[in-house]
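What follows is a short report on a single structure.
The values are calculated or read from the model by the stated rules, or taken from the named source; none is laboratory data. Because the structure is a prediction, the values reported are computed rather than measured. Don't worry about glycine lacking a Cβ; one is built from the backbone with ideal geometry, like all the others, and counts go over all protein chains shown.
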Amino acid sequence: MEHLEKLVRRAARALGRAGLAHAYGHCSARVDDKHFLVCAAKAMGTIRPGERGTVVAIEGALPEGVLGEVRLHQQIYKRRPEIGGVCRIMPPVLMGLSVLRITPQPRHGFGAFFAPAPPLWDDVRLVRDDERARAVAELMGAAKAIVMRANGAVTAGRTLEEAVVFAWYLEEAARIEHFVRQLPGNPDHALLTAEEIIARDVSSGRVYERMWDYLCDGDPE
C-alpha cells in the first residue's frame, strides 16, 4: 500500500508541474476490485512527500473529506475492470476548445490515441451527484478520455502512470487542434487516415514509460 501511496503522490505532483491541474483536480489508483486510492483533497501540485490519500469504495458513499467529483472515479472503476488509474484534470487549451464544444481530432501522433475524438460531456455543471457521474462514465465508454465542456477532462488508463501520460497527450492534441484551426485552408484535410491512426496508436518502445519519467523528473519521491 505504501508503494501505491507514493505512486499517487508522484502522479498528482506531475499533473501539477505540467500545468494539467491547478487548485482543482485529483487522481487515483485502483487498490483491488472493490477499492481505489485517491490523492489528498488539495491542489495536487502542493501534495507533500508522505502525505496520505484516502481509500474509497467503488460502491457506496464517498468517505468524509473526499471531493465530490471523486464519484467520477467510482463510476469508471465500476464499469471498466481493466482500468487501474484515473485523472481529473484542468488542461487550459483543452478547456478553451471545449467552450466551443470542440474536442481534439487525430491530427498527429498524440491525437491518434483518442481517435476518432474524445467524447464531449456537454454540461458545465460540476459532477457532484451519482446520477450525473454515471452518465459521464457511460458516455466515456471505453475511451481513454472524456472532455467536459468548460470543465476540464478525465483520463483513464490500465495504470495510473498511463492515465497521467494520456492527460499530457490530450492537452498536446488540444494544442495542435487549436494551432491547426488558425491556419489557412480546410482543417479537415489535416486529419490522420484510419491506417495512420492504427500505426501511431502504439505503446511499444517504452512510449508511456518515457513520458512518465519525463513528467516525474525532479520529483522529491
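Name the single residue that is modelled with the lowest pLDDT among those in the range 1-15 being of a type in the set (A, V, I, L, M, F, W, C) and farther than 28 Å from residue 174 by Cα. Steps first, answer last, please.
First pass over the range 1-15, keeping only residues of a type in the set (A, V, I, L, M, F, W, C): 1, 4, 7-8, 11-12, 14-15.
So of that shortlist, the ones also farther than 28 Å from residue 174 by Cα come out as 1, 4.
Numbers: 1: 84, 4: 96.
Here the answer is 1.
Surrounded by 12 or more Cβ atoms within 10 Å (Cβ to Cβ) and more than 25 Å from residue 66 (Cα to Cα): does that describe residue 161?
No: the conditions fail for residue 161.
Restricting to the range 123-140, name every residue that is within 26 Å of residue 197 (Cα to Cα) and over 14 Å from the mean Cα position of the chain (by Cα).
138, 139
Only residues that are surrounded by fewer than 17 Cβ atoms within 10 Å (Cβ to Cβ) and aromatic (Phe, Trp, Tyr): list them for the range 18-45, please.
24
Before we move on, is residue 70 under 14 Å from the mean Cα position of the chain (by Cα) and at negative phi?
Values: under 14 Å from the mean Cα position of the chain (by Cα): yes; at negative phi: yes.
In short, yes.
Output the number of the condition that residue 49 fails; it satisfies all remaining conditions of (1) exposed (fewer than 14 other Cβ atoms within 10 Å of the Cβ); (2) farther than 13 Å from residue 10 by Cα; (3) in contact (Cβ under 8 Å) with a residue 24 or more places away in the chain; (4) not aromatic (Phe, Trp, Tyr).
Among (1) exposed (fewer than 14 other Cβ atoms within 10 Å of the Cβ); (2) farther than 13 Å from residue 10 by Cα; (3) in contact (Cβ under 8 Å) with a residue 24 or more places away in the chain; (4) not aromatic (Phe, Trp, Tyr), residue 49 violates only (2).
Take residue 20 and decide whether it is within 16 Å of residue 73 (Cβ to Cβ) and touching a residue at least 60 places away in the same chain (Cβ under 8 Å).
On the way: within 16 Å of residue 73 (Cβ to Cβ): no; touching a residue at least 60 places away in the same chain (Cβ under 8 Å): yes.
No; evaluated as a whole, the condition is false for this residue.
Every residue, every condition in (1) of a type in the set (D, E, K, R); (2) more than 22 Å from residue 18 (Cβ to Cβ); (3) surrounded by 17 or more Cβ atoms within 10 Å (Cβ to Cβ), yes or no:
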| residue | (1), (2), (3) |
| --- | --- |
| 134 | yes, yes, yes |
| 150 | no, no, no |
| 155 | no, no, yes |
| 167 | no, no, yes |
| 179 | no, no, no |
| 186 | no, yes, no |
| 189 | no, yes, no |
| 199 | no, yes, no |
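Taking the condition touching a strand residue (DSSP E or B) at 6+ places or on another chain (Cβ under 7 Å), crowded, with 18+ Cβ neighbours inside 10 Å and of a type in the set (Val, Ile, Thr), does residue 102 pass?
So residue 102 does not fit the description; no.
Among the residues of the range 171-179, is there at least one that is closer than 17 Å to residue 92 by Cβ and in a strand (DSSP E or B)?
Initially, the range 171-179 is screened for residues closer than 17 Å to residue 92 by Cβ, giving 171-179.
If we keep only those that are in a strand (DSSP E or B) too, we end up with none.
Looking through the range 171-179, none of the residues is closer than 17 Å to residue 92 by Cβ and in a strand (DSSP E or B).
Mind checking which residues of the range 13-53 are closer than 14 Å to residue 159 by Cα and within 13 Å of the chain's Cα centre (by Cα)?
Listed by number, the residues that qualify are 27, 28, 29.
Out of 18, 29, 43, I need the residue that is under 21 Å from residue 174 (Cα atoms) and either in contact with a Pro (Cβ under 9 Å, 6 or more places away or on another chain) or at pLDDT 95 or above (or both). Which one?
18
Yes or no: residue 86 within 16 Å of the chain's Cα centre (by Cα) and either crowded, with 22+ Cβ neighbours inside 10 Å or without any contact (Cβ under 8 Å) to a residue 60 or more places away in the chain (or both)?
yes
Pull out all pairs, ordered by first then second residue, where Cβ-Cβ is under 7 Å, the residues are six or more apart or on different chains, the first lies in the range 129-147 and is at negative phi, and the second is surrounded by fewer than 19 Cβ atoms within 10 Å (Cβ to Cβ).
137/79; 139/119; 140/119; 143/119; 146/119; 146/139; 147/120
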